[in-house]
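Participant: This is the structure I have questions about; it appears just below.
The values are calculated or read from the model by the stated rules, or taken from the named source; none is laboratory data. These numbers come from a predicted model, not from an experiment. Please note: Cβ atoms are built from the backbone with ideal geometry, for glycine as well, and neighbour counts cover all protein chains shown.
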Amino acid sequence: MTTKSINRRAMLRGAGLAAVAAPALVGKGIAAGKVTWRVQSHWPKASSSFSGSLQVLADQLAERTEGAFKLETFGAGEFAKGPDIYPLVRKGVVPMGSIAASYIQDHATTANFVYGIPGTFRESWEMQHAVKNLGLEDLINEELAEDGMMLMSEKVLPVEMVVSKKIESAEDFKGLKIRSSGAMLEYLNAAGAAPQYIPGSELYQSLSSGVVDGAHWGAAVGAKSMSLWEVCKYHYKPALGFTTDSWIVNLDQLNDLDDDLKSALLDLMEIRFYQRSTEYQAAEVQAIAAGIEENSIEVTQLPQDVLDILAEASTRIMGTEAEKGEKAAKARDIYMGLMGDLGYV
């Protein structure tokens, strides 16, 4: 069974199940006994995605299988954190984890395209369409299959910066120490900032101690749940881009599951992708309102001279990423084709 067939089958079945409340599964998977998978998340337990994404997935999976398939959840750093989660799952220490696709650039030339190229798409649905319908997820899974791994996108979310210092010009932006990851590191660096990667479990301390001046952890929802607005009062728009969180699964352990339990997991992850992406858009509006009221944040626009520099950087990043290989070039074409259809290029 190929990775592509898994994704396509899950998508079709998930679309049908999403229309109605799915009953608990009844079949030989239930009779075969209970299964518990440990899941190592890149989200700290304080993150809204730990409870709103991973815990909901665990609760709904247990309900759908009448308790036959349970997920034991671990926050960032309990077994591993950040880029160390992928090798942990690949070795089978845990069957499943959550990651940002940018963590696995050394394993897939298309990783940053799945994570999201900054300065390209302007709406959540555009990234959803590119990942699920136009083939970005299929491309990365063709690469990851060689490692015995499979990725399923968990949600699409905006990326927006929170900063402790006001930015009124490109000169103000120059040298700002911003927590970032993936292609966003190069993107922010091109505009004159000084980005660096910091694991989520260390982010608040790094901000409060002045190790970094700002960060992006998703956008408003992430800033609120991680208490970033306590130390960063300036929230900047527009979104630097749209990105994804992802599930990563060990294929051998997935294929060892009974068919009923395997289908329950894959179907639910597919359904939750669309549900969670939509939920996140609504939650962003609510989080911004709460941040203004509770933390007295200032929501403002990045200066035009900074936006102009970022636009130039986006074009360069796209070209650099496409040069990584044949599949990366195909991923670039997916981006450019959709952006052309939308009138962005």
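Participant: Go through the range 255-272 and count every residue that is assigned to a helix (DSSP H, G or I) and over 19 Å from D59 (Cα atoms). Working first, answer last.
Facilitator: Here is the first cut: in the range 255-272, the ones assigned to a helix (DSSP H, G or I) are 255, 259-272.
In the following step, the residues that additionally are over 19 Å from D59 (Cα atoms) were identified as 255, 259.
Here the count works out to 2.
Participant: Looking at the range 311-330, is at least one residue in contact with a Leu (Cβ under 8 Å, 6 or more places away or on another chain), farther than 28 Å from E171 by Cα and in contact (Cβ under 8 Å) with a residue 40 or more places away in the chain? Before you say what the answer is, go through the steps one by one.
Facilitator: First, the residues of the range 311-330 that are in contact with a Leu (Cβ under 8 Å, 6 or more places away or on another chain): 327, 330.
Pick out the ones that are also farther than 28 Å from E171 by Cα and you get 327, 330.
If we keep only those that are in contact (Cβ under 8 Å) with a residue 40 or more places away in the chain as well, we get 327, 330.
Yes, there is a match, as at least one residue in the range 311-330 is in contact with a Leu (Cβ under 8 Å, 6 or more places away or on another chain), farther than 28 Å from E171 by Cα and in contact (Cβ under 8 Å) with a residue 40 or more places away in the chain.
Participant: Can you tell me which residues in the range 287-309 are of a type outside the set (A, V, I, L, M), farther than 25 Å from T120 by Cα and part of a helix (DSSP H, G or I)? Give the derivation first.
Facilitator: The initial filter retains those residues of the range 287-309 that are of a type outside the set (A, V, I, L, M), namely 291, 293-296, 298, 300-301, 303-305, 308.
From what's left, farther than 25 Å from T120 by Cα: 291, 293-296, 298.
G291, E293, E294, N295 - these are the residues of the range 287-309 that are of a type outside the set (A, V, I, L, M), farther than 25 Å from T120 by Cα and part of a helix (DSSP H, G or I).
Participant: Going through the range 216-246 one residue at a time, which ones are over 13 Å from the mean Cα position of the chain (by Cα) and within 19 Å of P303 (Cβ to Cβ)?
Facilitator: C232, K233, Y234, H235, Y236, K237, P238, A239, L240, listed by residue number.
Participant: State yes or no: is A183 surrounded by 24 or more Cβ atoms within 10 Å (Cβ to Cβ), modelled with pLDDT under 95 and of a type in the set (A, V, I, L, M)?
Facilitator: Numbers: surrounded by 24 or more Cβ atoms within 10 Å (Cβ to Cβ): yes; modelled with pLDDT under 95: yes; of a type in the set (A, V, I, L, M): yes.
Yes: the conditions hold for A183.
Participant: Residue under question is P199, and the condition is that it be under 25 Å from K81 (Cα atoms), surrounded by fewer than 23 Cβ atoms within 10 Å (Cβ to Cβ), of a type outside the set (S, T, N, Q) and in contact (Cβ under 8 Å) with a residue 40 or more places away in the chain; does it hold? Explain how you work it out, then say what you get.
Facilitator: Working: under 25 Å from K81 (Cα atoms): yes; surrounded by fewer than 23 Cβ atoms within 10 Å (Cβ to Cβ): yes; of a type outside the set (S, T, N, Q): yes; in contact (Cβ under 8 Å) with a residue 40 or more places away in the chain: yes.
Yes, satisfied.
Participant: Considering only residues that are over 24 Å from the mean Cα position of the chain (by Cα) and of a type in the set (A, V, I, L, M, F, W, C), look in the range 286-318 and name the one that is farthest from E230 (Cα to Cα).
Facilitator: Filtering first and then ranking leaves I309.
Participant: In addition: Can you tell me which residues in the range 45-98 are part of a loop (DSSP other than H, G, I, E, B), surrounded by fewer than 17 Cβ atoms within 10 Å (Cβ to Cβ) and of a type in the set (G, A, S)?
Facilitator: Within the range 45-98, A46, G67, G92 meet the criteria.
Participant: Could you please tell me which pairs satisfy a Cβ distance under 8 Å, a separation of 6+ or placement on different chains, a first residue in the range 69-98 that is closer than 18 Å to S48 by Cβ, and a second residue that is among the acidic types (D, E)?
Facilitator: Close Cβ pairs (under 8 Å, with a partner that is among the acidic types (D, E)) amount to S98/E154; S98/D245.
Participant: Scan the range 155-176 for residues that are out of contact with any Cys (no Cβ under 8 Å at 6 or more places or on another chain) and surrounded by 20 or more Cβ atoms within 10 Å (Cβ to Cβ) and report the count. Give the derivation first.
Facilitator: To start, the set of residues in the range 155-176 that are out of contact with any Cys (no Cβ under 8 Å at 6 or more places or on another chain) comprises 155-161, 165-176.
With the extra rule that they be surrounded by 20 or more Cβ atoms within 10 Å (Cβ to Cβ), the set shrinks to 155-161, 167, 173, 176.
Adding up the residues that qualify gives 10.
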